[in-house]
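Structure record follows, encoded as structure tokens.
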Amino acid sequence: MLSLKNLSKSYKNNVALKNVSLNISEGICFGLIGPNGAGKSTLIKIIASVIQDYSGNVQFTNNKIQIGYVPQEIALEETLSARDNLHFFGRLYGLKGAVLQKRTEEVLSEIGLTERGKEKVKTFSGGMKRRLNIGCAIIHQPRFIIMDEPTVGIDPQSRRYIFNMIEKFKSNGFTIIYASHYMEEIEQLCEEAAFMDHGKVVENGSIEHLLKKHAVPSIYVKGRMCVPDDLSQTCSKGKDGGYLITANNPLAAMERMIHFCNENSGEIERLELVKPKLEDVFFSLTGSQLRD
Amino acid sequence: MFAIIGFELKKSLQDRGLLFWTLILPIIFTVIFISIFTSGLSGSDRQQVIVSIVSGYTIMFVFFIMISMADSFIKDQNIGMVTRIESTPLPSLFYLLGKWISYMYIVIIQILILTTFGKVIYDIPLTQPLYLIILFIFLTVMVTGLGLALSLLVKSINMGIALTQVVALGGAVLSGLWIPIDIMPAFFQKISNFLPQYWAHQAFQDAMSGTLQVADLFKTLFVLIGFSLLGFIVALFAYPNFLRRSKG
């Protein structure tokens, strides 16, 4: 387990992290969500030992744990080949000789670049570079992988490929910290998540718990004379001329609407339960104001 | 650290700009200036001019390695390579030393190639080879030491190029690498005594001609060590700030 206790970090007068405490269990994917400047990258850099001048405590249950860090930037040497880049990072992590060769080939296969291993990185697409960026972080087979926005600017195929890689890491018992602005990615990949804002953790827990606690379910309805007065107060315009109605008990609300419709000779064209999303939790916790 | 050295050398081999600044341009300059300044000369006068130009341009052009060094550090900073390397078990200082040593290799190879060019094409004398090798090594350490300091201080590659040109070209003019020091005004001659290029140039010429005394060799080495230390100490002080900037 990774335990973070009272982590604080300031850049001159700017407070980046303020008393952040979190526990991250082994073998899960843990999402970090927050608007720009929330402190996610600073927290990640502290865990990855990039930033060492902070206050508080970072403790791994296993002291000899190896960490793999996938930075937000594509930190690769573009004038050299994929194999050269993997070799370089492998050597930095202490691999050499036959072990390094073997791991290089294994990683090239894992990231789907075996055929392109000899080619210069500058000839690669964005998705290939992102995959190699991950490859360089897993060359030494770390048990703990930290990923900072690993899918920015890539095509859906590469994103899917990276998701599959992450699922494979999870099934092998690796722990992953995954920071992203894409909430659907966190929802899809992570078991737990923390929302950060203004350098603090404003909420954390399992995805299910977060959705239950903060996202109010809603119903989509399209039709005529089917929304009772009390429900119309929480009604807002939806797509295609329909309406979105928030309700704490959506099934009961749907039943009432059907009754109301029958009693008033109304007509329901579409009636759907809208699943709550992490995005709703995000806006409910951080607000919708711009953070430029 | 050896991983950094190997990686940097591999990168440098791909860098055509480096090849241009370190070898092609100095060779072009040497050929052109020798043909201009030796026309009408013969015998020992001609040889003296050739020795001065070959050693002078070698010294001037080794300073251009500072552009490649600054470019490499700034690029590493911008693409997040420094941050990424910081997350590995490699001690921070080894990154700095690894980069430094790799550029030392490049400069020593540059000096050897330019000197060999002078020997093969113009038959320059290399009368005191041991002294010359010692001078080559100390010049290499000094130039790359100053390059290290500059690379960690500048915030953009344009700033690096501008400062390198001031150091390389300004130093070359004031040290007599272009024009013989004896015909320069007395004030400039005094200034040249404070510049490493002047000391290196004088010692190179003397060692090539076989007239370098041990005392003068040590005096030159002392100056070169002084500037090397200056560069390295400034780099050490600037390094934490460079790392902070890199980490955002």
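The values are calculated or read from the model by the stated rules, or taken from the named source; none is laboratory data. Just so it is clear, the model here is predicted, and its values are computed rather than measured. FYI the Cβ positions are ideal-geometry reconstructions off the backbone, even for glycines, and counts take in every protein chain you see. The protein model used for the area step is the full one, side chains on, heavy atoms only, and it has no ligands, DNA or RNA in it. Shrake-Rupley method; radii C 1.70, N 1.55, O 1.52, S 1.80 Å.
At-a-glance table
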read-out: Interface B:A - total buried accessible surface [probe 1.4 Å, Å², rounded to 100]; value: 2300 Å²
read-out: Over chain A, relative contact order from alpha-carbon pairs under 8 Å, at least 6 apart, %; value: 21 percent
read-out: Accessible surface, the protein assembly as shown, averaged per residue in Å² (probe 1.4 Å); value: 47 Å²
read-out: Per principal axis, descending, Cα span of the stretch A:216-275 in whole Å; value: 29, 24, 18
read-out: Estimated inter-spin distance, B:Thr116 and A:Glu167, nm [label 7 Å along Cα→Cβ]; value: 5.7 nm
read-out: Reciprocal of mean inverse Cα separation for the stretch B:23-117 (Kirkwood radius, Å); value: 15.8 Å
read-out: Over the stretch A:138-243, volume per residue of the alpha carbon convex hull, in Å³; value: 177 Å³
read-out: Average partner coverage of A:88-94, which counts Cβ from other chains inside 10 Å; value: 6
read-out: Buried on assembly, the stretch B:230-248 (at least 20 Å² less accessible surface than by itself, 1.4 Å probe); value: B:Lys247, B:Gly248
read-out: Alpha-carbon spread of the stretch B:76-142, three principal axes, descending order, Å; value: 51, 21, 15
read-out: The stretch A:1-100: proportion of alpha-carbon pairs further apart than 21 angstrom, %; value: 46 percent
read-out: Greater than 18 Å apart at Cα, pairs in A:Lys170/B:Lys247; A:Lys9/A:Lys40; A:Lys213/A:Lys277; A:Lys45/A:Lys96; value: A:Lys170/B:Lys247; A:Lys45/A:Lys96
read-out: Rounded percent of accessible protein surface that carbon and sulfur make up, chain B, 1.4 Å probe; value: 71 percent
read-out: Per residue Cα convex hull volume in Å³ - calculated over the stretch B:125-165; value: 63 Å³
read-out: Percent of Cα-Cα distances greater than 28 Å, calculated over chain A; value: 49 percent
read-out: Residues of the stretch B:1-35 buried by at least 30 Å² on assembly (accessible area, 1.4 Å probe, chain alone as reference); value: B:Ala3, B:Phe7, B:Lys10, B:Lys11, B:Gln14
read-out: Peptide-level mean, for A:42-55, of C-beta atoms on other protein chains within 10 Å; value: 3
read-out: Percent carbon-and-sulfur accessible area, chain A, ignoring ligands, DNA and RNA, probe 1.4 Å; value: 47 percent
read-out: Under 13 Å from B:Lys75, Cα to Cα: aspartates and glutamates that are on another chain or at least 8 residues apart; value: A:Glu73, A:Glu77, A:Glu78, B:Glu8
read-out: Radius of gyration and Dmax over the Cα atoms of the stretch B:2-247, both given in Å; value: 18.5, 63
read-out: Length released on extending from A:Lys239 to A:Thr123, taking residue separation times 0.36 nm less the Cα-Cα span; value: 37.5 nm
read-out: Trypsin sites (Lys or Arg not before Pro) within the stretch A:54-106: DSSP coil, no more than 13 neighbouring Cβ in 10 Å; value: A:Lys64, A:Lys96
read-out: Contact order normalised by residue count of chain B, Cα under 8 Å, 6+ apart, percent; value: 29 percent
